[in-house]
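Q: Dropping the structure in here first, questions after.
The values are calculated or read from the model by the stated rules, or taken from the named source; none is laboratory data. Since the model is a prediction, treat every value here as computed from it, not as a measurement. Quick reminder, even Gly has a Cβ in these numbers, built from the backbone with ideal geometry, and neighbours come from all protein chains shown. Keep in mind that these areas ignore ligands, DNA and RNA; they rest on the heavy atoms of the full protein, side chains included. Shrake-Rupley method; radii C 1.70, N 1.55, O 1.52, S 1.80 Å.
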Amino acid sequence: NQCQQIKVGILDSGFDTDHEDLNGSMTFLSDYATNSEADHGTHVAGIIAAAKNGVGMQGVAYENVKILPVKFIAGKEGGDLSDAIKGIKYAEKMGASIVNWSFASNNEFLTLKDVMRRSKMLFVCAAGNHGTQLKEYPAGFADLDNVISVCALNQEGDLTSFSNYGHDYIAAPGKAIY
């Protein structure tokens, strides 16, 4: 039973475009993908699409996914709203059907919510890393039909001490994933 290949946009800090586990799974279409500040974006891409090559871990969807790296976060300074919105529009234009957002802000940017609401993409958003039930965004936009908000579990299947959580969130492994 073959599944259709899906393009996943990852909005993050940067990507190791030469990583051996991701060769063949990334689609590079512009300077949105860079090797600068590559750790987090590469880690997220690996969880999704790392090759089954006997090295390191295997991604959950390694056979049926193309990764579209979209860098909008600049180091410790973070990213700004206009770059996030440009990233969404770029990912949609390039054919992504899913976008991974592993960042969070306590600012409820209604402009961002509106762009997400109008998009045909599915947004999979990290709940945040403050260990509270307070909403962080874009995961806090869980009232949108195209947003899945995800809190982090540890290896025992328990909520991590750092993960935000809420009644309308789902949970997935989020600590010590190698």
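Q: For Cα extents along the principal axes in Å, pick the label among (i) 67, 44, 27; (ii) 40, 38, 38; (iii) 77, 35, 28 that corresponds to the value derived from the coordinates.
A: (ii)
Q: Could you give the nm distance between label points at Glu63 and His130, where each point is 7 Å from its Cα heading toward the beta carbon?
A: 4.2 nm
Q: Calculate the radius of gyration of the Cα atoms of region 120-178 to one decimal place, then report Dmax, the largest Cα-Cα distance, as a whole number, both in Å.
A: When restricted to the Cα atoms of region 120-178, Rg and Dmax are 11.1, 35 Å.
Q: Assuming 0.36 nm per residue, please report the length gained on full extension of the stretch Asn53 to His40 beyond their Cα-Cα distance.
A: Here the segment from Asn53 to His40 would lengthen by 2.6 nm.
Q: For the chain, what is the accessible area per residue in Å² when the probe is 1.4 Å?
A: Per-residue value: 54 Å².
Q: Looking at the chain, what % of its DSSP beta bridges pair antiparallel, to the nearest 5?
A: 10 percent
Q: Treat each spin label as a single point 7 Å out from the Cα along the C-beta direction, and report the Gln5 to Ile170 distance in nm.
A: Here the modelled spin labels are 2.4 nm apart.
Q: Most mobile of Gly56, Gly79, Gly166 per a Gaussian network model of the chain (Cα springs, under 10 Å)?
A: Per the Cα network of the chain with a 10 Å cutoff, Gly56 tops the list.
Q: Let me ask something else about it. Which of these, Ser149, Ser13, Ser163, has the largest mean-square fluctuation under a Gaussian network model of the chain (Cα springs below 10 Å)?
A: Top of the fluctuation ranking is Ser163.
Q: Please compare each pair in Lys71/Lys120; Lys52/Lys175; Lys52/Lys113; Lys66/Lys86; Lys52/Lys89 to a cut-off of 29 Å on the Cα-Cα distance and tell me which ones are over it.
A: Pairs exceeding the cut-off: Lys52/Lys113; Lys52/Lys89.
Q: So, with a 1.4 angstrom probe, what is the percent of accessible area on the chain that is carbon and sulfur?
A: Values: 4830 of 9600 Å².
That share works out to 50 percent.
Q: log10 I(q)/I(0), Debye, Cα-only region 44-130, no solvent, q = 0.17 Å⁻¹?
A: Relative scattering, expressed as log10 I(q)/I(0), comes to -0.80.
Q: Label-point separation (nm) for Ala74 and Lys89, each offset 7 Å from Cα along Cα-to-Cβ?
A: Taking the two extended label points, one gets 1.9 nm.
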